[in-house]
Amino acid sequence: MVKDVNQTLKFYTDILGFEVVQTVPEQGSFDWGMVKSGDVEIMFQKEASIISDYPTLQDSKPGGALSLYIQVEDIQKWYDTLQTQTEIIKPLCQTFYGANEFTFTDPDGYILTYSEMNEAME
């Protein structure tokens, strides 16, 4: 559930490098959209649209209820790029399990953690 599918798709494509797979409608102000990067596919649906499909979501808000953990390459490049594009909620650090990670939010408040295993630990 997102407030603005167009804004969300723009963030995921322009900033995170995903590609748009499909939207409904095909042009204009989208009610639904799907993006893909590698084996990861994510679907987004406009708040009003998904509430009409699932009335039990009436009192829910977009964001915050879901966090995504994504393994990436060249984490320093991602960190440098995203610092000016979104809110970093956990700065780049090395974890006790040997990964370099940082956490940020997308436009709707969903939490994403990018992680790269430290080569010395692999």
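When every alpha-carbon pair in the range 1-58 is counted, what percent end up more than 18 Å apart?
Working: 503 of 1653 pairs.
Beyond 18 Å sits 30 percent of the P(r) for the range 1-58.
Peptide packing for 90-97, 76-83, 111-118 was compared via the average number of neighbouring C-beta atoms within 10 Å per residue; ordered from the highest value, the list is 111-118, 76-83, 90-97.
In whole angstrom, the chain maps to an equivalent ellipsoid with semi-axes of 29, 16, 12, each derived as √(5λ) from the alpha carbon gyration tensor and ordered largest first. Taking ASP14, ASP39, ASP53 as the candidate residues, the one with maximal mean-square fluctuation in a Gaussian network model of the chain, Cα springs under 10 Å, is ASP39. Kirkwood analysis of the range 79-122, using all unique Cα-Cα pairs, places the hydrodynamic radius at 11.0 Å. GNM on the chain, alpha-carbon springs under 10 angstrom: the most fluctuating residue among VAL21, VAL72, VAL40 is VAL40.
None of the figures in this text is laboratory data; all of them are computed from the coordinates on show. Quantities reported herein were computed from a predicted structural model and do not represent experimental measurements. In this analysis, Cβ positions are derived from the backbone assuming ideal geometry, glycine residues included, and neighbour counts consider all displayed protein chains.
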